Amino acid sequence: MAELPHRTTFVLDYGDERRAHVVATSVAQEAGEIDDDRSTTSLWRDGPTVEVVVEAADLVALRAACNTWLSLVGVAEETAGAAETVPF
């Protein structure tokens, strides 16, 4: 892949290691799968913090990739929150 000069990092602190694990695990399977010639994404979790790094060849690709990843994280957060309210 060519050099990707544009980068954005999202640092998401959940204050709860379990929630961070659920969100990171939910979206990690997409890392590498939805990358293309114009953008790539990496994801790490350290305790209660999840870091998403988006790199892109141009600003349009960066915006599109950021929108995609923020949507994926948002759905994972909503799902994790809903699962916590289900009584077992």
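The values are calculated or read from the model by the stated rules, or taken from the named source; none is laboratory data. From a predicted model like this one, the values you see are computed outputs, not experimental measurements. Counting neighbours? That spans all protein chains shown, and the Cβs are built from the backbone with ideal geometry, glycine included.
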(message) Exactly one condition in (1) without any contact (Cβ under 8 Å) to a residue 24 or more places away in the chain; (2) part of a helix (DSSP H, G or I) is false for Trp69; which is it?
(response) (1)
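Could you check how many residues of the stretch 40-55 are over 13 Å from Phe10 (Cβ atoms) and surrounded by fewer than 17 Cβ atoms within 10 Å (Cβ to Cβ)?
Narrowing the stretch 40-55 to residues over 13 Å from Phe10 (Cβ atoms): 40, 46-48.
Among the residues that remain, those that are also surrounded by fewer than 17 Cβ atoms within 10 Å (Cβ to Cβ) are: 46-48.
Matching residues across the stretch 40-55 total 3.
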(request) Count, please, the residues in the stretch 56-68 that happen to be in contact with a His (Cβ under 7 Å, 6 or more places away or on another chain) and crowded, with 19+ Cβ neighbours inside 10 Å. (result) 2
(request) Please name all residue pairs, on different chains or six or more residues apart, with Cβ atoms under 7 Å, provided the first residue is in the stretch 16-32 and is part of a loop (DSSP other than H, G, I, E, B) and the second residue is among the β-branched types (Val, Ile, Thr). (result) Ala31/Thr41
(request) Restrict the check to the stretch 46-57 and report whether at least one residue is of a type in the set (S, T, N, Q) and at pLDDT below 95. (result) no
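If only one of Leu43, Leu12 is in a strand (DSSP E or B) and touching a residue at least 60 places away in the same chain (Cβ under 8 Å), which one is it? Break it down stepwise before answering.
Values: Leu43 fails: touching a residue at least 60 places away in the same chain (Cβ under 8 Å).
Only one candidate passes the filter, namely Leu12.
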